[in-house]
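Every read-out reported here was derived from the displayed coordinates using simple, explicitly stated rules and does not represent laboratory data. Computed from a predicted model, the values in this text were never measured in an experiment. Note that each Cβ is placed from the backbone with ideal geometry, even for glycine, and that neighbours are counted across all protein chains shown.
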Amino acid sequence: MLYRVQQARESYKAAVEARTLQEQALECERSKFQAGSPTAYEFIQYQSSLAESEVCRSNRSRVYAKAKAALQRAVGSTLVDNNVIVDDAYLNRASRIGMSPAQK
């Protein structure tokens, strides 16, 4: 279980880095396009690649969240990890730990 979470986290980090690099490539291509160097088709290809990398990043984020939740369920740490105090939840009170300063 822990291995899946670690693998999903690393996969997500790689997707974030790939998206960042794709964004930088698009900016470079945009500069070239504005200078008249590449064609509109090439520029659109870079935009499409950026969109694909964002979809990949989003999917990897989802997989990581699911793996993390599965691990929390397996080890029974869901409530603790989310700062839920059962007595407070039962009495319909918000935990002071999880509250923002404006809510206290």
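Would you mind checking the tilt of helix 2-34 against the longest principal axis of the Cα atoms of the chain, expressed as 0 to 90 degrees and rounded to 10?
In the chain, helix 2-34 runs at an angle near 30 degrees to the longest axis.
Between residue 55 and residue 20, what length in nm is gained on full extension when 0.36 nm per residue of separation is reduced by their alpha carbon distance?
11.3 nm
Want the number for residue 86 to residue 3: 0.36 nm per residue separation, take away the alpha-carbon distance, what's left?
Value of the extension gain: 27.0 nm.
For the Cα atoms of the chain, what angle does the longest principal axis make with the long axis of helix 40-75, in degrees from 0 to 90, nearest 10?
The two axes meet at around 20 degrees.
Charges at C-beta only: +1 for Lys and Arg, -1 for Asp and Glu. How large is the resulting dipole of the stretch 1-88 about its Cα centre, in Debye rounded to 20?
So the dipole magnitude of the stretch 1-88 works out to roughly 300 debye.
Relative contact order, percent, of the chain when contacts are C-alpha pairs under 8 Å separated by at least 6 residues?
30 percent.
Students often get this wrong, so try it: which of (1) 20, 18, 13; (2) 43, 18, 9; (3) 46, 11, 9 is semi-axes √(5λ) of the Cα gyration tensor in Å as calculated from the structure shown?
After the calculation, the listed value that fits is (2).
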